[in-house]
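Accompanying notes for the structure given below.
The values are calculated or read from the model by the stated rules, or taken from the named source; none is laboratory data. Computed from a prediction, not measured in an experiment: that's the story for all the values here. Positions of Cβ are generated from backbone atoms using ideal geometry, with glycine treated the same way; all protein chains shown enter the neighbour counts. In case anyone asks, the SASA skips ligands and DNA or RNA and just uses the protein heavy atoms, side chains included. Shrake-Rupley method; radii C 1.70, N 1.55, O 1.52, S 1.80 Å.
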Amino acid sequence: METRYLNTLIAAVDAGTFSRAAEILHITQSAVSQRIKLLEEHFGQQLLDRSGQRLVLTPAGQVVFAKAKDILEKEKELLTCLQESAAQKRLALCCTPTFGMAVLPQVLSSFLRRNSDLSDFKFVFLQPAEALQGLRNEEFDLAVIEHSLDQDFTDFGRYSMPDDEMLMVAAASMEIPNVDGVIQLADLKAYRLFARRDGCSSKELMRKNLLACGFDFTEFDGVVVSDDLRFTIQSVMEGDGIAYVSQALVSSYLASGQLVGLRVAGFEHRRGRSVVMLPQRGEDALLKELLESLFEVVTPFWRPQLVNGNAQAR
């Protein structure tokens, strides 16, 4: 039942005649009469007494009239809520901790300047698998993650960004022996390793590298597992151990000479970095604005292309 029929009944009762109701609704008198007739056929009851000079509700008509007002009021409330919701800008972002610390502050600074009227914005740090699951569950609008180079992106749209370079870092004061910034894995076993928890792509890349070289985590002089990257970096700068981290995360410490970045012979030092979303969100205007801010910071001289699933972006 279309609400315009209910609205016509209310207008007819309030106006008292079909002709006056037609003027109020800007339709013909016959259209008003036809709508009331269809309502009566629908409910199987006569709703209006037409015998007098004014239209009068029958007992059945009184019931329908009261409920019609309730329905139209609810429709009005619903439309108001939808309009208010559409007018508000909302965005939920998820990213891995490395990106969150190394890049996100610059991205958000640019984005929030452009969208000062953003009414609801949240972001959380999660590991890659958790971030992708959150996207599937529509908990987030967009995720930025570092990931293994063979990560499966089936069912997602993504922008592939430049690979994230990983380094083994240590305090300059430790004077770890190396040749042109390259060190043998066997020479690292004497040091304590600061590592992330399982599920982090840096931990998984480290695990694959160790396995390929016939090593495992137990061969280091202790392993400290921490998700607090600031704690890890500070501990390494104080000479308490070494860590396998993103070069982007420690670039300022490398430039200042507080840390030394080393490549481990036989290691794969790259991991992927991608912006990921559900394919149907690719045309969302607010997401496009966030992507503009992100690309300005991360890839100012190269614009990634949105691809589906595991296809490679040019």
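A few remarks follow.
- Sole residue being at pLDDT 90 or above, hydroxyl-bearing (Ser, Thr, Tyr), out of contact with any strand residue (DSSP E or B) (no Cβ under 8 Å at 6 or more places or on another chain) and loosely packed, with under 15 Cβ neighbours inside 10 Å, chosen from 116, 51, 85: 51
- Verdict on residue 197 being at pLDDT below 90 and in a loop (DSSP other than H, G, I, E, B): yes
- Hey, residue 139 assigned to a helix (DSSP H, G or I), farther than 19 Å from residue 249 by Cα and either under 14 Å from the mean Cα position of the chain (by Cα) or modelled with pLDDT under 90 (or both) or not: no
- When 146, 175, 138 are checked against the criterion of being open to solvent by 20 Å² or more (accessible area, probe 1.4 Å) and under 30 Å from residue 282 (Cα atoms), a single residue qualifies: 138.
- Among the residues of region 241-279, those that are among the hydrophobic types (A, V, I, L, M, F, W, C) and open to solvent by less than 10 Å² (accessible area, probe 1.4 Å) comprise 242, 243, 250, 259, 262, 264, 275, 276, 277.
- Enumeration of residues in region 149-164 that are surrounded by 13 or more Cβ atoms within 10 Å (Cβ to Cβ) and under 16 Å from residue 203 (Cβ atoms): 151, 164
- Residues that are under 20 Å from residue 268 (Cα atoms) and surrounded by 14 or more Cβ atoms within 10 Å (Cβ to Cβ), drawn from region 213-235: 213, 215, 217, 219, 220
- Comparison of 96, 8 shows that the only residue that is within 30 Å of residue 138 (Cβ to Cβ), in contact with a helix residue (DSSP H, G or I) (Cβ under 9 Å, 6 or more places away or on another chain) and surrounded by 14 or more Cβ atoms within 10 Å (Cβ to Cβ) is 96.
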